[in-house]
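Below is one structure; the comments refer to it alone.
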Amino acid sequence: MKRCLAAAALSLALGAAAAAEGMEPHYRELLERLVNINTETRNLAGLAQVRQLLIPQFESLGLVLTRHRLAQDGREVLSFEMPGAKPKVMLVGHLDTVFPVTGGFQKLEDQGNRLVGPGVIDMKGGVVLLLNVLEQLKKQGGLDQVRVVLNDDEEIGSPNSKAVIRNLAQGLPFGLVFEPGLEDGSVVSSQSGVRWIKLTTTGKAAHAGLEPEKGIDACLDLAIKVKKVSALAQSGKGLTINPGLIAGGSKPNVVCEDASVTFDIRFRSLADWQDVSHAIHHISAVSDVYNPLLQQGAHTEMTQLAEMPLLPTASTAELLERIQISARSLGQTVRARAVGYGSDGNNLAETGMQLLVGVGPYGGGMHSDQEFMLLSSYQERLSLLTLLITQLSYSQKGTS
Ligand SMILES: [Zn+2]
């Protein structure tokens with residue numbers, strides 16, 4: 001039985017690939033309409049418009065919408081599934097982009113084998129692909145295996161939506177995140193964890209020419225700490241430390257009283273982060289500038305401003321193997337790479353589900369005014385994901 005269905009899925013997938021060189025007109029047109037509506041994360045009106053456009057598309061497949069309202073301002077997560085479904089595979093997308101309403105890059109442009117436009121791969125192309133895959137699944141009765149989740153604040157780290165998304169993932173063994181594939185089509189094998197750590201140093205002001213001996217230089221103390229903390233980076237291990245924001249002092253002729261630095265720290269193993277965190281605590285506890293007259297040194301506080309969990313390779317290994325098997329049967333090759341940036345895959349990592357990030361169509365120039373999607377990648381992913389999701393539907397995991 002299982003083998004039969006897989007074979008049917010394979011022929012359907014091959015059929016989908018052969019059906020069109022580019023996108024079917026309906027999906028091509030939908031993508032253009034979506035791209036031409038600005039949905040920068042703060043543009044709530046644009047996001048509402050895009051939701052309005054998409055909801056009937058999902059509903060026409062027989063899926064039922066649930067709105068998860070997040071705040072008074074209209075932000076919401078949409079989820080779709082068949083009535084009475086027991087889904088196994090969560091399909092995750094976001095509707096927001098990074099492109100400001102005031103910018104010059106607002107419309108889809110057709111350049112033959114590539115479509116150029118704001119959010120065309122990140123991830124409006126991914127959302128259209130998702131819909132297209134669902135239509136294929138419907139033809140073989142596989143729609144009751146999926147739950148679709150679309151949020152609207154991913155580009156700022158999903159601060160409002162991540163709790164809802166994690167909740168919707170409960171009990172589902174598999175999650176596919178429709179972020180764009182990397183430039184060569186690779187999917188993501190792991191995503192770094194991220195922490196933003198701020199050090200705030202307090203010293204003592206004094207006139208720099210008249211009585212500097214009465215001061216405690218917070219800027220100097222902090223500068224020494226920036227050097228010490230930055231030296232903890234190990235780029236070979238993907239452990240990066242960027243002191244991206246520094247502030248301090250009031251005037252050149254005043255000994256600096258207050259200074260601060262915010263580090264962006266990225267890591268591929270939790271142990272690395274724990275080591276760095278301890279080391280920063282120790283560095284902060286020492287006064288690098290000490291005034292013997294006052295018997296007092298600079299004082300530093302450490303605070304965490306933001307965090308994004310790690311997506312470890314253990315969370316992607318199973319789906320990576322499965323997508324590679326599906327790819328081989330279609331004559332495709334899918335590679336995987338570790339990346340330093342985050343996605344909702346990071347936010348889902350601790351749910352215990354197996355995840356794969358970057359299954360969407362790919363191209364290049366993501367987040368720039370050159371962002372483009374390769375049409376061939378759309379077709380490739382359409383057949384690949386239709387087959388993969390079908391095979392996941394009939395797999396043993398999550399059947400209890
Ligand atoms: Zn994205």
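Please treat every number below as a calculation from the coordinates, not as lab data. Bear in mind that the values here come from a model prediction, so they are computed numbers and not experimental data. Cβ placement follows ideal geometry from the backbone for every residue including glycine, while neighbour counts extend to all protein chains displayed.
Normalised by the number of residues in region 193-308, the mean separation of alpha-carbon contacts (under 8 Å, six or more apart) gives a relative contact order of 41 percent. Taking the C-alpha atoms only, the angle from helix 270-285 to the longest principal axis of the chain is near 20 degrees. A Gaussian network model of the chain, with springs between Cα atoms under 10 Å, assigns the largest mean-square fluctuation among LEU220, LEU374, LEU137 to LEU220.
Under the simplified labelling scheme, the LEU294-ARG335 pair shows an inter-label distance of 5.6 nm, with each label point 7 Å from Cα along Cα→Cβ. Measuring between their Cα centroids, region 109-154 and region 317-356 lie 17 Å from each other.
Percent antiparallel among DSSP beta bridges with both residues in the chain, to the nearest 5? Restricted to the chain, the bridges split so that about 70 percent are antiparallel.
Obtain the radius of gyration and the Kirkwood radius of the chain from its C-alpha atoms and give Rg over Rh. List each step's numbers first, then the result.
Working: Rg = 24.9 Å, Rh = 23.1 Å.
Reported Rg/Rh, Kirkwood definition of Rh: 1.08.
Within the chain, the longest run free of exposed loop sites, counting trypsin sites (Lys or Arg not before Pro) that sit outside DSSP helix and strand states (H, G, I, E, B) and have at most 14 other Cβ atoms within 10 Å, spans 108-334. Note on the chain: with a GNM built from Cα contacts shorter than 10 Å, the maximum mean-square fluctuation among SER190, SER368, SER377 falls on SER368.
Electrostatic bookkeeping for SER161 treats Lys and Arg as +1 and Asp and Glu as -1; over the other residues with beta carbon under 9 Å from its beta carbon, the sum is -3.
Principal-axis analysis of the Cα atoms of the chain puts helix 2-19 at an angle of about 80° to the longest axis.
Beyond 22 Å between alpha-carbons counts as too far, so tell me which of LYS107/LYS138; LYS162/LYS225; LYS88/LYS162 fall in that bin.
LYS107/LYS138; LYS162/LYS225
Stretch ALA247-ASN36 to full length: gain in nm at 0.36 nm per residue minus the Cα-Cα span? Intermediate results must be reported in sequence, preceding the final value.
Working: separation 211, 0.36 × 211 = 75.96 nm, distance 3.94 nm.
So the extension gain works out to 72.0 nm.
Within the shell defined by Cβ-Cβ distances under 11 Å, the residues around LEU54 carry a net charge of +2, with Lys and Arg each +1 and Asp and Glu each -1. Calculation over all alpha carbon pairs of region 138-189 in 5 angstrom steps from 0 returns a P(r) of 4, 13, 21, 20, 21, 14, 5, 1 percent. Per-residue extension of 0.36 nm, minus the Cα-Cα distance of THR66 and HIS278, leaves a gain of 72.0 nm for this segment. Straight Cα distances below 26 angstrom link LYS227 to the lysines LYS198, LYS204, LYS214, LYS237, LYS251, with same-chain residues fewer than 8 positions distant left out.
Among LEU210, LEU330, LEU95, the largest mean-square fluctuation in a Gaussian network model of the chain (Cα springs under 10 Å) belongs to LEU210.
With charges set only on the Cβ (+1 for Lys and Arg, -1 for Asp and Glu), what does the dipole of the chain come to about its Cα centre, in debye to the nearest 20? Let's see the in-between values first.
Numbers: 36 positive and 41 negative charges, 230 e Å.
The dipole of the chain has a size of about 1100 debye.
Computed from Cα atoms, the angle from the helix 125-139 axis to the main principal axis of the chain rounds to 30 degrees. Once the chain from ASP73 to GLU321 is taken as fully extended at 0.36 nm per residue, the excess over their C-alpha distance is 85.1 nm.
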